[in-house]
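Following: one structure in structure tokens, then a few remarks.
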Amino acid sequence: MKNILLSFVLVLLSFAGYSNGSRGIEIINRTECDIYLQLRGARECQNCEAEFTSCVIVIPSGANVPYPNTTTICGFPSSPVFVHSALIYSGPRDCQRLETWVVGTPKCYPPEIEFWSSHHGCERRCDCLRARWEPADCEGIARLIIEPC
């Protein structure tokens with residue numbers, strides 16, 4: 001009986017350890033523009049190197065997009081990693097003269113930036129936007145908040 005109880009406790013602890021290791025990000029777009037970005041991350045929490053870069057993600061205007069676990073992010077591995085920054089594009093990747101900005105965890109990147117965004121026709125639509133990174137501890141969920149200046 002003790003072995004069964006001990007086994008049960010160990011199984012529960014392993015699930016708890018796994019769920020604590022699932023890091024993620026919530027992206028909140030409070031603007032009237034679609035935002036084009038790529039998330040970047042690393043296996044280790046305090047590592048600033050961009051070991052992983054997501055596919056380009058489009059965050060629609062007014063959207064709140066949660067990624068409670070990095071395993072659901074296109075381009076990231078099937079095991080949870082730490083998201084530390086975002087590469088923000090000025091518009092769709094097929095636009096000429098595309099500009100980029102990086103925002104992220106304060107240890108590695110500026111935690112707040114100003115940028116602009118264009119729409120599908122590649123014309124500037126939102127002249128002044130602000131991206132603010134709210135970091136989480138190594139096991140939590142970071143937030144990227146995008147709003148007008």
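Coordinate-derived values only; no laboratory data. Please read all numbers here as calculations on a predicted model, not as lab measurements. Note that we place each Cβ from the backbone using ideal geometry, even for glycine, and neighbour counts take in every protein chain shown.
Structure notes:
- Relative contact order [Cα under 8 Å, 6+ residues apart], region 76-149, whole percent: 23 percent
- Contact order relative to length of region 2-148, as percent, for alpha carbon pairs under 8 angstrom and 6 or more apart: 26 percent
- Region 2-148 - share of DSSP beta bridges that are antiparallel (%, nearest 5): 85 percent
- Relative packing of 48-55, 95-102, which averages over residues the other C-beta atoms within 10 Å, highest first: 48-55, 95-102
- Inter-label distance, nm, simple model (7 Å from Cα along the C-beta direction), His120/Asn47: 3.8 nm
- Candidates Ile25, Ile88, Ile57: whichever shows maximal mean-square fluctuation once the chain is modelled as a Gaussian network with Cα springs under 10 Å: Ile57
- Net charge in the neighbourhood of Ala63 (other residues with Cβ under 13 Å of its Cβ; Lys, Arg +1, Asp, Glu -1) is -3.
- 18 Å cut-off, amide nitrogen to a point 7 angstrom out along Ala63 Cα→Cβ, residues in region 103-130: 117-122, 125-126, 130
- Helix-only arithmetic for the chain: the sum of -39500 (n - 2.57) across DSSP H runs with n ≥ 4, divided by the residue total, places the mean residue ellipticity at 222 nm at -4500 deg cm²/dmol.
- Between Ser79 and Gln96, the modelled label-to-label distance comes to 4.6 nm, taking each label 7 Å out from Cα in the direction of the beta carbon.
- The Rg/Rh ratio of the chain, with Rg taken over Cα atoms and Rh as the Kirkwood radius over Cα pairs, comes to 1.10.
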